[in-house]
Ligand code: MF3
Ligand code: CO
């Protein structure tokens with residue numbers, strides 16, 4: 001690992017393998033939280049399910065205690081976009097729940113998020129989540145051949161416009177990030193087209209790619225709890241995230257147990273594990 005003048009942390013293949021371990025624990029923790037996300041469960045139940053997996057893996061939560069954050073995962077329901085705090089809220093049919101979590105193994109971080117809809121949902125909410133997930137995969141696929149980190153945002157933006165036009169908005173207040181020995185590192189990973197093309201994509205980079213889409217205005221505010229980000233107009237939001245490694249052999253989705261192979265195949269990308 002070399003910290004250059006641009007402050008980006010470039011990882012060796014051995015270090016990326018440790019990040020893969022953290023990523024797999026992150027994925028299993030999200031599996032448990034998603035399985036617990038049923039009508040009648042509280043968001044605290046989802047948190048407990050994820051925490052048990054991380055603990056049993058001998059890993060640690062990177063969210064718990066992060067700038068004082070009080071839980072293992074974030075559960076953001078309906079008009080909540082990100083950083084919702086799990087608690088006594090009882091889930092019900094039709095709720096849109098974004099579940100965001102991460103794990104640390106030997107000092108290396110994973111970070112990933114998925115959106116689920118409880119029971120019978122509104123088809124427009126399902127489309128919101130599906131387009132957000134597909135936007136994430138298009139951004140990940142773009143990273144495989146990207147010259148600049150900004151190409152990820154270009155791909156996400158182009159996909160969303162082609163899929164739904166202006167019907168859904170890409171949030172700009174929150175962006176993806178580098179990840180490694182900390183959860184949030186340089187560089188920023190924008191989810192939209194910008195004249196800032198960002199740094200060059202180089203082997204050893206690990207990026208968290210995390211588009212957030214909304215059914216209404218892009219304006220957000222933070223609730224009095226100091227964490228929960230909601231849309232100002234109350235429109236629903238979705239959030240999908242994976243941590244992805246770039247190495248000499250290609251890319252590997254660290255927080256997917258198959259490295260992203262299944263979802264990237266239709267996009268013409270074959271992930272290669274770091275070695
Ligand atoms: N995945 C979240 C993000 O990148 C991490 C939130 S950490 C928390 O913004 F402490 F806010 F939960
Ligand atoms: Co993140």
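What follows is calculated from the coordinates using simple rules that are stated; it is not laboratory data. Model, not experiment: these values are computed from the prediction.
Below 8 Å, C-alpha to C-alpha, sequence gap of six or more: please give me the relative contact order for the stretch 206-275 in percent.
Values: 108 pairs, mean separation 18.7, N = 70.
Taking the mean separation of contacting Cα pairs over the length of the stretch 206-275, I get 27 percent.
In the stretch 205-275, one over the average inverse separation of all distinct C-alpha pairs is 14.4 Å, which is the Kirkwood hydrodynamic radius.
Size descriptors for the stretch 13-120, from the alpha-carbon set: Rg then Dmax equal 13.5, 44 Å. Rg and Dmax over the alpha-carbon atoms of the stretch 85-197 stand at 15.8, 45 Å.
Counting only Cα atoms, the stretch 180-243 measures 41, 27, 18 Å along its principal axes, largest extent leading.
Taking a quarter of the surface of the Cα convex hull of the stretch 14-64 gives a mean projected area of 3.5 nm².
Could you grab the relative contact order for the stretch 7-267? Cα pairs under 8 Å, six or more apart, rounded to a whole percent. Normalised by residue count, the contact order of the stretch 7-267 is 23 percent. Each Cα pair under 8 Å and six or more residues apart adds its sequence gap; the mean of these over the residue count of the stretch 49-148 is a relative contact order of 20 percent.
Solvent-free Debye calculation, one equal scatterer per alpha-carbon of the stretch 117-159: log10 I(q)/I(0) at 0.28, 0.33, 0.35 Å⁻¹ equals -0.86, -1.05, -1.12. Per residue, the chain reaches -9500 deg cm²/dmol at 222 nm when only DSSP H runs of four or more residues are counted, each adding -39500 (n - 2.57).
Taking only the Cα atoms of the stretch 151-213, the ratio Rg/Rh comes out at 1.00, with Rh defined as the Kirkwood radius. An ellipsoid equivalent to the chain, defined through the eigenvalues of its Cα gyration tensor, has semi-axes of 27, 22, 17 Å when rounded to whole angstrom and sorted largest first.
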